[in-house]
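Some notes on the structure that comes next.
The values are calculated or read from the model by the stated rules, or taken from the named source; none is laboratory data. All values reported here derive from a predicted model rather than from experimental measurement. As a convention, Cβ positions derive from the backbone with ideal geometry for all residues, glycine included, and neighbour counts pool all protein chains shown.
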Amino acid sequence: MDGVLRYRGRVITAAEVAGIVALIAAHPTASRRALSEQLCRVWDWRQPNGALCAMVCRGLMLALHRAGHITLPPVRWVNPNPLARHGAERRPPVPVPVDATSLSVPLAAVRPLTIAEVRGTPAEALVNSLCAQYHPLGYTHPVGEQLKYLVTAQGRPIACLVWASAPRHLGPRDRFIGWTADVRRQRLRFLAYNTRFLILPWVRVPHLASHLLGQMARLVPADWQRRYGHPVVFLETFVDPLRARGTCYRAANWVILGQTTGRGKNDHTYRPNRSRKLILGYPLTPGFRTLLGARA
């Protein structure tokens, strides 16, 4: 294949570049946004919910422009959001005060729990704040599709969980599933990654963590389908063995798949530069490999 550029796992050929050049020439007054939307329609490049992949397409066209393969029209509009500008840093969440009175009781004493998916609601700020204040890794804005949960008991927050799109390549996970690189690129959206799991430090409720993971196995697939128009069939997470043992995940029947390389996703040195994390996974259905397109 005469690949000109590789972008997010997609190889762009010389013929496709020629088509983009012709598209730009055919619409000399169109903006960059309009051109990207038109290209999505030509390629029928859509998200699982049917929406155009316009943002990803704009990134692709900009990469081709910077590499000299195409010439885009001048920028007409600058995003007023400072987070979208090159070099801008996302402001940390504003601390939200909560009741920090010690809660040390059996699980039965705090049930029923209220578990609310709060993405896009006022309560999302509370989840962000709690992660920033009390999670060992702090708060990092999730990438791609995402869900955020706030857990309350007796009218006060006790835990929160954040889920996001799965990392593109994890060797132990990919071998466990048994899919090829091409199939992984097509079906990675059917995986959800638990980026943060926080039980507030003054909450001491035995078995709460594994109980919540059990609830997540039921809630995440339904909420993902409702919000993004497609299911998830496999959950995964990382555990740093220098900080924790992943006991609650294993108690909830998650499986240790292996370890990360310790290099990070943007590494070009092929040398470890951070601790190696345990990779844990949880299939949501016995037929997950078939649904993920794994080789028989």
note = Taking the range 17-37 and keeping residues over 27 Å from ARG227 (Cβ atoms) and either buried (at least 18 other Cβ atoms within 10 Å of the Cβ) or at pLDDT below 90 (or both) leaves ILE20, ILE24, ARG32, LEU35
message = Just checking, does the range 168-190 include any residue being in contact with a helix residue (DSSP H, G or I) (Cβ under 6 Å, 6 or more places away or on another chain), of a type in the set (Gly, Ala, Ser), farther than 23 Å from HIS230 by Cα and assigned by TED's automatic domain parsing to the domain that holds GLN259?
response = no
inquiry  = If I filter the range 125-147 down to residues being crowded, with 17+ Cβ neighbours inside 10 Å and closer than 25 Å to ARG189 by Cα, which single residue comes out as modelled with the lowest pLDDT?
reply    = PRO142
inquiry  = Cβ-Cβ distance below 6 Å, separation of 6 or more or different chains: which pairs start in the range 16-40 with a residue that is under 18 Å from MET55 (Cα atoms) and end on one that is assigned to a helix (DSSP H, G or I) and of a type outside the set (A, V, I, L, M, F, W, C)?
reply    = SER36/ARG58
key: Looking only at the range 69-102, and only at residues there that are of a type in the set (Gly, Ala, Ser) and at pLDDT below 90, the one that is nearest to GLN225 (Cα to Cα)   = ALA84
task = Would you be able to say whether some residue in the range 175-182 is in a helix (DSSP H, G or I) and under 24 Å from ARG245 (Cβ atoms)?
result = yes
request  = Answer yes or no: is there a residue in the range 101-123 that is of a type in the set (Lys, Arg) and part of a loop (DSSP other than H, G, I, E, B).
outcome  = yes
task = Evaluate the range 225-243: report whether one residue or more is of a type in the set (Gly, Ala, Ser), in contact (Cβ under 8 Å) with a residue 60 or more places away in the chain and in a helix (DSSP H, G or I).
result = no
ask   = Within the range 53-63, how many residues turn out to be crowded, with 17+ Cβ neighbours inside 10 Å and either under 19 Å from PRO73 (Cβ atoms) or among the charged types (D, E, K, R) (or both)?
value = 5
ask   = Only one residue in GLN186, GLN146 is more than 19 Å from ALA217 (Cβ to Cβ), touching a residue at least 12 places away in the same chain (Cβ under 8 Å) and of a type in the set (S, T, N, Q). Which one?
value = GLN186
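Table: residues versus (1) of a type outside the set (Ser, Thr, Tyr); (2) modelled with pLDDT under 90.
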| residue | (1), (2) |
| --- | --- |
| TYR249 | no, no |
| LEU257 | yes, no |
| THR260 | no, yes |
| GLY287 | yes, no |
remark   = Within the range 149-169, of all residues that are touching a residue at least 40 places away in the same chain (Cβ under 8 Å) and in contact with a Cys (Cβ under 7 Å, 6 or more places away or on another chain), the one nearest to PHE234 (Cα to Cα) is TYR149
Search result, residues across the range 188-211 that are in a strand (DSSP E or B) and small (Gly, Ala, Ser) = ALA192
